[in-house]
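What follows is a short report on a single structure.
The values are calculated or read from the model by the stated rules, or taken from the named source; none is laboratory data. Here the structure is a predicted model, which means the values were calculated and not measured. All Cβ positions, even for glycine, are placed from backbone atoms using ideal geometry, and neighbour counts span all protein chains on display. Side chains are part of the model used for accessible areas, which takes the heavy atoms of the whole protein and leaves out ligands, DNA and RNA. Shrake-Rupley method; radii C 1.70, N 1.55, O 1.52, S 1.80 Å.
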Amino acid sequence: QVRLVESGGGLVQPGGSLRLSCEVTGVTFDYAAIGWFRQAPDKEREGISCTSYGGGNFDYVDSLKGRFTSSRDGAKNVVYLQMNGLEPEDSALYYCAVLRHGLCSGVAADVASWGQGTQVTVVS
């Protein structure tokens, strides 16, 4: 069984930064494709980043390239999402997820397992 636990969300001012963490168990971490998604009220769940060593057709959504960076720590089985220059429209519930077949994807239907989510709120 796969378990993902997100942390690091919170309240931040516009222009600020946060680093989200996702601790992953139940998979061979080095071979897993781990993605980040977010969902704001009245919007679809959006794939925003993914990291893997197995390929796939997604790494970062174009609108967030340069502000959001995903990285992996194999020793800790943790995936990070560094978020800089946060804006109110970035406010959402952020999820990490394991994608099927070790292949990165930004499509929610390709997710095998979800974390519980962590809230990010950007407000003056």
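Going by what's in this entry, would Asp73 be described as of a type outside the set (Val, Ile, Thr), surrounded by fewer than 15 Cβ atoms within 10 Å (Cβ to Cβ), closer than 14 Å to Cys104 by Cβ and under 15 Å from the mean Cα position of the chain (by Cα)? Answer is no for this residue. Only one of the listed residues (Ala112, Ala92, Ala108) is more than 14 Å from Cys22 (Cα to Cα) and touching a helix residue (DSSP H, G or I) at 6+ places or on another chain (Cβ under 7 Å). That residue is Ala112. Tell me which residues, restricted to region 31-42, are in contact (Cβ under 8 Å) with a residue 24 or more places away in the chain and of a type outside the set (A, V, I, L, M, F, W, C). Result: Tyr31, Gly35, Arg38, Gln39.
Annotation: of all residues in region 10-27 being closer than 22 Å to Gly106 by Cβ and β-branched (Val, Ile, Thr), the one that is most open to solvent (accessible area, probe 1.4 Å) is Val27.
The residue that is farthest from Val107 (Cα to Cα), counting only those in region 30-68 that are open to solvent by less than 30 Å² (accessible area, probe 1.4 Å) and either of a type in the set (S, T, N, Q) or more than 15 Å from the chain's Cα centre (by Cα) (or both), is Thr51.
From the set of residues in region 101-123 that are in a helix (DSSP H, G or I) and modelled with pLDDT of 95 or more, which is surrounded by the most Cβ atoms within 10 Å (Cβ to Cβ)?
Step one: list which residues in region 101-123 are in a helix (DSSP H, G or I), which gives 101-102, 108-110.
Those left that are additionally modelled with pLDDT of 95 or more: 108-110.
Values: Ala108: 16, Ala109: 6, Asp110: 20.
The selected residue is Asp110.
Of the residues in region 57-80, at least one is under 18 Å from Ala40 (Cα atoms), free of Cβ contacts under 8 Å to residues at least 12 places away in the same chain, small (Gly, Ala, Ser) and not in a loop (DSSP other than H, G, I, E, B).
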